[in-house]
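The structure appears below as structure tokens.
The values are calculated or read from the model by the stated rules, or taken from the named source; none is laboratory data. All values reported here derive from a predicted model rather than from experimental measurement. Here the Cβ is made from the backbone with ideal geometry for all residues, glycine too, and neighbour counts use every protein chain on show. Just the protein is used for accessible areas: all its heavy atoms, side chains included, with ligands, DNA and RNA removed. Shrake-Rupley method; radii C 1.70, N 1.55, O 1.52, S 1.80 Å.
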Amino acid sequence: FKTIKINTTPSKTMRLIPGHLEITNGEDKGKAFLIQGYPTKEGSIITIGREVVSGEKSHSHIQIDSRYQTVSRKQAELIYMDKKLNIRNLSETNITVVDGNELSLGAVVELHAGSVIKMGEIEFQYKL
């Protein structure tokens, strides 16, 4: 991948989230990847952004390449709980857009099969 960095090594503490994300534009268009969540009381969490995350939580982070300045260091979180995948916008500057709708800071919406997530120049589609 040229657009993202993701740790694909299996982890004992992470939980694989059903489905996958597919990059729908740019250099990695058509490439898909599975996601793993870090267990919390709120659910299994996957962070997304330009921030570099190391250690055990690196398995549950989708790092956007630093050349994509339209994506924040802490852009969004995917939250998997009760067999539902939600996304929370963490950025006030670079808004997360889901299915054409801009999410305000802290807003959470459920993702469905086919949902399109846009973060600056990067776009993903959630597929089951």
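State yes or no: is residue 51 among the acidic types (Asp, Glu), crowded, with 16+ Cβ neighbours inside 10 Å and either under 13 Å from the mean Cα position of the chain (by Cα) or not in a loop (DSSP other than H, G, I, E, B) (or both)? Answer is no for this residue.
The condition (being in contact (Cβ under 8 Å) with a residue 24 or more places away in the chain and either surrounded by fewer than 17 Cβ atoms within 10 Å (Cβ to Cβ) or closer than 13 Å to residue 118 by Cα (or both)) is satisfied by just one residue among 82, 28: 82. Scanning region 2-17 for residues that are over 21 Å from residue 90 (Cα atoms) and either in contact with a Ser or Thr (Cβ under 7 Å, 6 or more places away or on another chain) or exposed (fewer than 14 other Cβ atoms within 10 Å of the Cβ) (or both) returns 2, 7, 8, 9, 10, 12, 13, 14, 15. Exactly one residue out of 121, 110 is open to solvent by 50 Å² or more (accessible area, probe 1.4 Å), touching a residue at least 24 places away in the same chain (Cβ under 8 Å), within 21 Å of residue 24 (Cβ to Cβ) and touching a Ser or Thr at 6+ places or on another chain (Cβ under 6 Å): that is 121. Which one of these does residue 63 not meet: (1) open to solvent by 40 Å² or more (accessible area, probe 1.4 Å); (2) modelled with pLDDT of 95 or more; (3) assigned to a strand (DSSP E or B)? Unmet condition: (1).
Of the set (1) touching a strand residue (DSSP E or B) at 6+ places or on another chain (Cβ under 8 Å); (2) surrounded by 12 or more Cβ atoms within 10 Å (Cβ to Cβ); (3) of a type in the set (Gly, Ala, Ser); (4) on the phi < 0 side of the Ramachandran plot, all apply to residue 104 but (2). Could you list all residues from region 1-46 that are in contact with a Pro (Cβ under 9 Å, 6 or more places away or on another chain), closer than 14 Å to residue 85 by Cα and of a type in the set (Val, Ile, Thr)? Matches in region 1-46: 45 only. Filtered by the rule that a residue be without any contact (Cβ under 8 Å) to a residue 60 or more places away in the chain, among the aliphatic types (A, V, I, L, M) and open to solvent by less than 30 Å² (accessible area, probe 1.4 Å), region 34-48 gives 35, 45, 46.
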